There are 2 protein chains.
Amino acid sequence: MELKITRPTLLLDENKMLANLQRMLEKAERTGTELIPHFKTHQSKEIGQLIKEKGVKKITVSSMKMAEYFAQNGWNDITVAFPFNPLEIDVANQLIEQGGALTILVSDPAVVSILAGRFSGKVNVLVEVDAGYNRSGIDSAETDLIKSLLTELKEDAYMDFYGLYCHPGNTYQTDNIEEIRQIWAAAIKKVNGLKNAILPLAPDLKVRMGDTPGCTVVEDMDGVDEIGPGNFIFYDLVMNYLNVCDESDIAVAVACPVVAKYEERNQIVVHGGAVHFSKDHLFDDQERKFFGELVILAEDGWSQIISEAKLTSLSQEHGVLTVNQETFNTIQIGDVLGFLPIHSCLTANLLKSYLTLDGKVYEHLENS
Amino acid sequence: MELKITRPTLLLDENKMLANLQRMLEKAERTGTELIPHFKTHQSKEIGQLIKEKGVKKITVSSMKMAEYFAQNGWNDITVAFPFNPLEIDVANQLIEQGGALTILVSDPAVVSILAGRFSGKVNVLVEVDAGYNRSGIDSAETDLIKSLLTELKEDAYMDFYGLYCHPGNTYQTDNIEEIRQIWAAAIKKVNGLKNAILPLAPDLKVRMGDTPGCTVVEDMDGVDEIGPGNFIFYDLVMNYLNVCDESDIAVAVACPVVAKYEERNQIVVHGGAVHFSKDHLFDDQERKFFGELVILAEDGWSQIISEAKLTSLSQEHGVLTVNQETFNTIQIGDVLGFLPIHSCLTANLLKSYLTLDGKVYEHLENS
């Protein structure tokens with residue numbers, strides 16, 4: 001690689017990223033859904049622009065701050081897929097007054113009463129349905145509650161019911177693709193049951209499903225109108241360990257300088273710690289925690305994973321790489337090593353910018 | 001609290017912070033050591049200024065980027081307590097040419113040969129000694145190796161041996177204060193053994209010891225000249241769980257808006273996730289993972305910990321607070337709750353600014 005890297009740096013392989021995007025666009029076409037990608041993963045105006053050039057017009061974000069950022073950067077149809085925070089009503093109204101379409105998430109029925117009469121223009125409302133993840137959303141069995149919510153929304157001059165949103169994030173806690181498909185099948189069944197029950201009240205309602213594992217591996221999306229995955233744009237080791245992606249699909253790697261070697265314990269210290277990778281981790285087949293996997297950087301990207309070499313501990317700035325003797329001998333102080341991240345969203349959020357393989361720098365929203 | 005908070009915000013109680021500083025200054029005086037505080041915890045020019053006003057003249061940081069930042073903000077005696085990265089020689093030389101005193105860490109003897117003849121002015125060299133933590137540093141038993149390193153340093157026009165640095169970070173992995181004291185006693189013994197062996201070669205050498213747990217609870221610092229703790233300025237739940245600090249010493253709390261309530265599972269969703277807290281966690285007495293503890297915000301700060309209420313899961317922006325029925329009933333959507341962080345350094349690095357109780361905003365270095 002001809003890039004001059006002297007500090008921990010997030011490398012972006014744009015070809016891999018665009019291939020990930022292309023596959024998800026094809027998935028949407030094949031399943032008859034619309035891809036409304038979640039931008040929380042990259043939080044970058046330049047990456048957003050590349051996605052726009054592929055025909056995407058509507059996006060998802062997870063905070064009003066991200067909504068403001070992407071609205072400033074030319075996006076005018078934004079869903080904030082996070083339980084709407086009534087304390088941010090002024091920000092929402094500013095976005096509405098700027099003329100873009102804003103879609104908010106209602107995850108607790110009490111929020112609708114709090115918001116009644118407080119919007120200054122039209123806002124779309126997605127009702128978040130919980131189909132078993134137990135993070136946020138109204139239980140999908142609560143048909144009557146959701147019906148009364150629709151009545152309440154109709155009484156408001158500006159809140160328009162848009163549809164049902166379901167993020168079955170429990171797919172991240174599975175061990176394999178088959179379990180992911182089962183979770184989705186169960187979630188789709190529940191959401192469609194609810195949809196059919198309320199369809200007479202809202203014949204135009206849309207169903208949107210989130211999460212990268214499901215959107216990647218599920219083919220049967222009957223009743224789903226829109227998909228909103230985020231992580232797929234980069235993928236990461238969590239997705240690779242679930243077999244949701246191949247390791248060659250992972251589009252980001254952290255470049256870290258080697259600063260010390262300890263032969264007696266076959267460990268190498270790199271500049272790359274918890275403030276670069278985050279503390280997210282996986283466990284190897286002997287239940288040992290690790291924080292990243294080694295790849296060798298080259299001019300055109302990086303190698304396959306060197307599977308015996310893992311980042312076995314992180315402190316604030318230090319990463320400790322444990323390797324075998326053969327790998328140990330090939331690495332020298334002053335080398336720059338690559339590491340695939342456990343969780344690309346958190347790693348990108350920490351490193352705050354991207355360096356493409358041909359040397360372009362893309363920004364990341366400063367703090368989310 | 002009269003502060004208008006609508007988003008996740010890091011609150012700073014300056015009185016608690018200054019009391020923590022005062023106690024550490026008194027500890028230094030009592031033990032005959034000099035406090036050279038580690039600024040990696042706050043990374044803030046304004047907080048640095050408050051520390052300077054208490055008479056501190058020398059500081060420690062953990063990256064060249066932080067060294068640049070604090071040099072720009074009026075500090076002229078800076079130790080970079082991270083294994084020196086030869087790829088950053090140009091930055092080091094720029095700092096040296098600006099006239100400040102720069103102290104670097106040598107944690108692998110090979111670095112000295114790489115750096116020979118490459119500095120453009122005087123640089124102090126602290127040799128990092130590993131007394132059992134096994135992260136970085138030269139094994140404290142390697143007396144001959146360190147002697148030959150001193151000879152090598154003497155041959156260089158600009159690299160001046162300053163002393164021995166030991167960060168016994170294994171104190172963080174203990175269960176109680178007694179173990180911390182034992183680790184320090186063992187580390188001090190090893191470092192002093194090495195010091196006595198090399199003293200004829202370097203009669204003015206200083207011994208510096210790091211880490212907040214040890215600097216807080218150890219009184220017997222015989223042979224130690226300087227202490228470099230960082231976390232003590234804020235402390236956090238890790239320090240509280242080790243009984244290194246009282247919960248009332250913790251000087252930062254994350255303010256998070258309540259966005260949804262789920263009575264059937266006694267859970268409350270707040271805006272406050274992995275991009276605000278980090279994924280660092282502790283385990284409660286039933287081995288359940290948690291990511292922060294609840295405090296009630298008031299005009300003059302915050303309450304004691306509500307011990308039954310814990311952040312039991314985090315995703316990127318969501319925090320799930322699990323509480324008992326009584327607490328559940330007292331919390332409403334639109335409230336702003338406080339949470340003490342597991343690891344204040346990582347939390348501050350994510351939130352990137354501080355709001356004091358009287359409404360001042362202090363910056364945090366953008367990305368480290």
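Computed from the coordinates by the stated procedures, all read-outs in this text should not be read as laboratory data. In this text, all values refer to a predicted model and were calculated from it rather than measured experimentally. All Cβ positions, glycine included, derive from the backbone under ideal geometry; neighbour counts span all protein chains shown.
Each copy carries a label point for residue B:330 at 7 Å from Cα toward Cβ; from one copy, the others' points are 6.0 nm away, ordered from shortest. With K and R counted +1 and D and E -1, the other residues having a Cβ less than 12 Å from that of residue A:95 yield a net charge of -3. Dividing the helix sum by the residues of chain B, where each DSSP H run of 4 or more adds -39500 (n - 2.57), gives a mean residue ellipticity at 222 nm of -9000 deg cm²/dmol. Distance from the Cα centroid of the range B:19-85 to that of the range A:120-155 is 51 Å (rounded to whole angstrom). Axis of helix A:177-198 versus longest Cα principal axis of chain A: the two differ by about 10°, to the nearest ten degrees.
Is there a quick way to get the dipole size of the range A:246-363? I mean about its Cα centre, with the Cβ of Lys and Arg at +1 and of Asp and Glu at -1; what is the value in debye to the nearest 20?
500 debye
Helix A:14-31 and the long axis of chain A differ in direction by around 30°, with both axes built from C-alpha atoms. Taking only Cα atoms, what is the 0 to 90° angle, nearest 10, from helix A:143-154's long axis to the longest principal axis of chain A? In chain A, helix A:143-154 runs at an angle near 70 degrees to the longest axis. When the Cα positions of B:282, B:56, B:186 are compared along the charge dipole of chain B, B:56 comes out farthest toward the positive end, with charges on each C-beta of Lys, Arg, Asp and Glu.
With the simple model of a label 7 Å out from the Cα in the direction of the Cβ, residue B:197 to residue A:199 spans 8.1 nm.
Rounded, prolate or oblate: which fits the protein assembly as shown when a ≥ b ≥ c are the square roots of the eigenvalues of the alpha-carbon gyration tensor, with rounded for a/c under 1.5 and prolate only if a/b beats b/c? Verdict is prolate for the protein assembly as shown. With K and R counted +1 and D and E -1, the other residues having a Cβ less than 9 Å from that of residue B:352 yield a net charge of -3. Modelled this way, with points 7 Å down the Cα-to-C-beta line, the labels at residue B:332 and residue A:329 are 7.1 nm from one another. Hey, which of these cross-link pairs are over 31 Å Cα-Cα: A:289/B:206; A:261/B:154; B:195/B:352; A:40/B:40; A:154/B:261? Violating the 31 Å limit, Cα to Cα: A:289/B:206; B:195/B:352.
Length gained on full extension, residue B:151 to residue B:134, computed as 0.36 nm times the residue gap minus the Cα-Cα distance: 3.6 nm. Of the trypsin sites (Lys or Arg not before Pro) found in the range A:279-368, the ones in coil according to DSSP and having at most 14 other Cβ atoms within 10 Å of their Cβ are A:288, A:360.
Between copies, the label points at residue A:298 (set 7 angstrom from Cα along Cα-to-Cβ) are spaced 6.4 nm, reported in nanometres from shortest to longest. Measuring from each Cβ of chain A to the axis carrying A onto B, the nearest residue and its distance in whole Å come out as A:279, 2. Full extension of the chain segment joining residue A:31 with residue A:246 gains 75.2 nm, where the gain is 0.36 nm per residue of separation less the Cα-Cα distance. Pull out a ≥ b ≥ c, the square roots of the eigenvalues of the alpha-carbon gyration tensor of the range B:247-310, then state rounded if a/c is under 1.5, prolate if not and a/b is larger than b/c, and oblate in the remaining case. Rounded.
For residue B:73, the distances from its label point to the matching points in the remaining copies are 2.7 nm, ordered from shortest, with each point set 7 Å beyond Cα toward Cβ. All other residues whose Cβ lies under 11 angstrom from that of residue A:130 are scored, Lys and Arg at +1 and Asp and Glu at -1, for a net of -2. Using the Cβ-Cβ distance between residue A:54 and residue A:110 with R0 set to 25 Å, the FRET efficiency from 1/(1 + (r/R0)^6) comes to roughly 0.05.
Cα centroids of the range B:197-238 and the range A:187-262: how far apart, whole angstrom? If we compute the Cα centre of each part, the gap is 49 Å. Overall form of the range B:14-234: oblate. Here a/c, set by the Cα gyration tensor axes a ≥ b ≥ c, is 1.5 or more, and a/b is not larger than b/c.
Remark: mean inter-chain Cβ contacts per residue of B:101-110 equal 2, using a 10 Å Cβ-Cβ cutoff to other protein chain atoms. Projecting the Cα atoms of B:245, B:42, B:221 onto the dipole axis of chain B, where Lys and Arg carry +1 and Asp and Glu carry -1 at the beta carbon, places B:42 farthest toward the positive end.
Straightening the chain between residue A:142 and residue A:185 buys 13.6 nm, computed as 0.36 nm per residue apart minus the Cα-Cα spacing. Across all directions, the average flat footprint of the convex hull enclosing the Cα atoms of the range A:246-363 is 7.3 nm². Using only side-chain charges placed at the Cβ, +1 for Lys and Arg and -1 for Asp and Glu, the dipole size of the range B:64-178 relative to its Cα centre rounds to 260 debye.
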